[in-house]
1. Just to be sure, is Ser47 hydroxyl-bearing (Ser, Thr, Tyr) and modelled with pLDDT of 75 or more?
2. If you scan the range 160-208, which residues turn out to be small (Gly, Ala, Ser), in a helix (DSSP H, G or I) and touching a helix residue (DSSP H, G or I) at 6+ places or on another chain (Cβ under 7 Å)?
3. For the range 132-148, which positions are surrounded by fewer than 16 Cβ atoms within 10 Å (Cβ to Cβ) and either among the acidic types (Asp, Glu) or assigned to a helix (DSSP H, G or I) (or both)?
4. From Asp129, Asp58, Asp83, grab the single residue that is surrounded by 13 or more Cβ atoms within 10 Å (Cβ to Cβ) and closer than 21 Å to Phe176 by Cα.
5. Only one of (1) loosely packed, with under 13 Cβ neighbours inside 10 Å; (2) of a type in the set (Phe, Trp, Tyr); (3) closer than 25 Å to Leu89 by Cα fails for Phe199. Which number is that?
6. Out of the range 48-75, which residues are of a type in the set (Gly, Ala, Ser), within 17 Å of Ala15 (Cα to Cα) and assigned to a loop (DSSP other than H, G, I, E, B)?
7. Just give me the residues in the range 69-78 being closer than 11 Å to Ala163 by Cβ and over 10 Å from the mean Cα position of the chain (by Cα), in sequence order.
Amino acid sequence: MERSLPEMVKEYLEAKYRDFPYPFHSPIVFPKRYFILSEEKLAVKKSLEGKKLKWCVDTIDAICMAVEEDEDGKVWVLSDRVDYVRDILYDYVKEKAYDIMLELRDRRNWKKYRKEKFGKVIAYLAWKDEVAERMTEKTGIKIVHQIGLPKYYDSKIEGIFYAIMNLKDVSDTIKFIFITKMIDAVDEAFRLGLYWGDFAREEFGSFMKKYMREKKRK
């Protein structure tokens, strides 16, 4: 039996993260072929733009959190959580942390908070933006640092990287090739963004020093 595109994506993720050192849940394909899942239930899952999904491969807990195709033919590859801003803010302002986090989703508010005692928090977010720009330039795939997610996603997730491509009129074979490249690009962004490995830690350290020096000059 010929495999469907979601099943091919599922197999790719399983192979890519087979030796992942942290808990990895076997990807789940929606809608499931062998399990009962109504179209109405799938419709609850939406893309970041609010579009209904044709299908979704969900890993639940991994570097690559989900691969999705929406009703307009756009394919989304979403990373796991990359921002821990609320946790950091809580040490400063306790219960006000969530309200400030909501404000920081709008980058126009960064300047205000950067002038106060949250310079390192803003630098932490700015590093993720820097990583998204670097990975976009390196891979040719648009990588976005999304701060906070819309209400139809888990509100506890504070931020992710995601890749998006419009593959509406592309065959499943070619689409799969693009999707694997998107997964790899998001994976690399995640590892650099969370400074995994010596190179990533050095790049993050250099960025932080530069960013904080600029803060003092302004």
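1. Answer is yes for this residue.
2. Scanning the range 160-208 gives Ala185, Ala189, Gly193, Ala200.
3. Those that are surrounded by fewer than 16 Cβ atoms within 10 Å (Cβ to Cβ) and either among the acidic types (Asp, Glu) or assigned to a helix (DSSP H, G or I) (or both): Glu133, Glu137, Lys138.
4. Asp58
5. Every listed condition holds for Phe199 apart from (3).
6. Ala62
7. Answer for the range 69-78, where residues must be closer than 11 Å to Ala163 by Cβ and over 10 Å from the mean Cα position of the chain (by Cα): Lys74, Val75.
Yes/no per residue for (1) of a type in the set (D, E, K, R); (2) in a loop (DSSP other than H, G, I, E, B):
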{"residue": "Val77", "(1), (2)": "no, no"}
{"residue": "Arg81", "(1), (2)": "yes, yes"}
{"residue": "Ile88", "(1), (2)": "no, no"}
{"residue": "Tyr92", "(1), (2)": "no, no"}
{"residue": "Ile100", "(1), (2)": "no, no"}
{"residue": "Glu103", "(1), (2)": "yes, no"}
{"residue": "Arg108", "(1), (2)": "yes, no"}
{"residue": "Lys112", "(1), (2)": "yes, no"}
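The values are calculated or read from the model by the stated rules, or taken from the named source; none is laboratory data. Everything quoted here is computed from the prediction, not taken from an experiment. Don't worry about glycine lacking a Cβ; one is built from the backbone with ideal geometry, like all the others, and counts go over all protein chains shown.
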